[in-house]
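The block underneath contains the structure these notes are about, expressed in structure tokens.
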Amino acid sequence: MSSLDDTVTPPHESSPSVGSSILNRRRMLTVALGGAAATVALPAPAWATTDQRPGAHHPPKLTPDDRKVIAQLSSRRALEHLKVLSEDIGPRIGGTASERRAANYIAGKLDHFGYHTTLQPFPVADKFLAQLSSPAGLPTDLNWQVGASAHAALDTSVTASVIDVGAGSASDFSAEAAGKIVLVDYVAAQREQVAARAVAAGAVGLVFLPADLVEPRRASAFSPTLPGSAASPLPIPVVGVAQAQKHRLRALLAARPLTLTIATTAHRGLTSYNVLAERQGRSGPDGPVVMVSAHYDSVIGAPGANDDGSGTVLCLELARVLKAIPVNATVRFGLWGSEEQGLIGSRYYVRELPQTERDRILAVYQNDMVATSWDPATRYWLLSFTGQSNRATDEVTAAAQRLGYQPQISPVTQRGASDHQSFQEVGIASANFSWRGEESPALLEPPYHSPEDTIAKNISLERLQVSMELIGCATYATARS
Ligand SMILES: [Zn+2]
């Protein structure tokens, strides 16, 4: 998935400080950006196991078990996985081939690390997606995944020059619209009338442009619904782009004439997968279990580097490390499919789990968005669906104390909206861990759920390393208990 602007600026002259103080030793890691040769420097943490961490308030007081984990955790390795997920594969939409490619990659790695790895299939709803591209290949980056309407032309492709009809009122549609692809501001209450006007004016495609959201939020790409046309779909493709894509399209059109291709695809009869990987501990097949998890799917048009590629690669890197050191409890990794459509994968997993298996689980560490480079995201949140603390939050709090991160972590805070909720709904100790704005866990970075959720624009390797260390130490302490 290519980034949106063809003039690539390095994301940060200096990396966002994890806490407040800046590290003294640092190496720059280069990352290829969207296939183009441009590279972007990502500061990589180069602290030693016993060094005081950036933002920490004292040098770490590590247990021997902590050292075993920390000495091996590498955000550089994790980054290699993230490149595959968010650049080679790109958006990973529940049940589609892109999500399956990611599942195969993840399962292959866990299998390679020596875990007993399985794929758990479950049915999911149809998806309607589109590719928006410029046939001339100029600008080179204009090749975006966007949402398609299920109530308009599907499995089709149109190429035409573009005109902007603004709000799309009757007077905005002149004869000039015939044979064109029209850009229209999306207003939910007007969408059906506007779409009908476009068809009547002879337009061959319609691109809905979402209104800007209040910063730091930005609108995502979407599949417009036209319920009035459900019975007889419109004869032209209708798509919904993201806020950043809207601005890019209008900027391009203001600079020169623009020709676009819209190719829509219906993805029907879909199966999504959870990836499960297990290593039995000394306590045997009926002994306690500790789980570490993340979701590996993303939303339409988003490469999902931070949401939730970061949590997924945290799991892969931790799996590599925990495979080589002794554990008492069984260590199990869960990579959930179709989280973005409503925690579908994790809820399916929990539903299929017999009570005896539920009772074995000591804690589930969910990692959703654990490495944003957004400067204001200086707080590491402990999110519990019930608002109560539990084994997972307790172990992370203790690990933060040992690592010197106490001041940076939040008190246990009530919030669901990620896969930990599926476990807490049936009384299993679980929590979600995530870097977000200081004041509230609702303060998410601007690239969230957008085409800009890329490694270059939204990943801090230092925050990834800290997240891996906190979860690694907490998980290993649980697995050794
Ligand atoms: Zn997420």
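Structure above, values below:
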read-out: Ser174-Thr265 FRET efficiency (beta carbon distance; Förster radius 25 Å; 0.05 resolution); value: 0.20
read-out: Extended-chain gain in nm, criterion 0.36 nm per residue less alpha-carbon gap, Ala48 and His116; value: 21.3 nm
read-out: Under 25 Å from the Cα of Lys61 - lysines, other chains or at least 8 residues apart; value: Lys323
read-out: Peptides ranked, highest mean first, by Cβ atoms within 10 Å: ranges 174-181, 467-474; value: 467-474, 174-181
read-out: Cα-based helix-to-principal-axis angle, 97-112 vs the chain, degrees rounded to 10; value: 20 degrees
read-out: Accessible carbon and sulfur surface of the chain relative to its total accessible area, %, 1.4 Å; value: 53 percent
read-out: Stretchable slack from Ser157 to Lys323, in nm (0.36 nm times residue separation minus alpha-carbon distance); value: 55.0 nm
read-out: Cα gyration tensor shape for the range 407-464, rounded if a/c is under 1.5, else prolate or oblate; value: prolate
read-out: 1.4 Å probe accessible area per residue over the range 330-392, in Å²; value: 32 Å²
read-out: Protection proxy ranking of 237-246, 300-309 - average other beta-carbon atoms within 10 Å, highest first; value: 300-309, 237-246
read-out: 0 to 90° range, to nearest 10: angle between helix 243-255 axis and the chain longest Cα axis; value: 40 degrees
read-out: Nearest-ten-degree value, helix 310-322 long axis tilted from longest Cα axis of the chain; value: 30 degrees
read-out: Simple spin-label estimate for Ala71 and Arg250 in nanometres, 7 Å along Cα-Cβ; value: 5.7 nm
read-out: Shape call, the range 127-267: gyration tensor on alpha carbons, a/c limit 1.5; value: rounded
read-out: Relative contact order (%) - the range 127-267, alpha-carbon pairs under 8 angstrom, separation at least six; value: 39 percent
read-out: DSSP-defined antiparallel bridges as percent of all bridges, the chain, nearest 5; value: 60 percent
read-out: Accessible surface, per residue, of the range 127-267 when the full set of protein chains is kept, probe 1.4 Å, Å²; value: 40 Å²
read-out: Global geometry of the chain, whether rounded, prolate or oblate, following the gyration tensor of its Cα atoms and the 1.5 cut on a/c; value: prolate
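The values are calculated or read from the model by the stated rules, or taken from the named source; none is laboratory data. Every value quoted in this text rests on a predicted model; they were computed, and no experiment measured them. Cβ sites come from the backbone with ideal geometry, for glycine too, and all protein chains shown count toward neighbours. All accessible areas refer to the heavy atoms of the entire protein, side chains included, with ligands and DNA or RNA removed. Shrake-Rupley method; radii C 1.70, N 1.55, O 1.52, S 1.80 Å.
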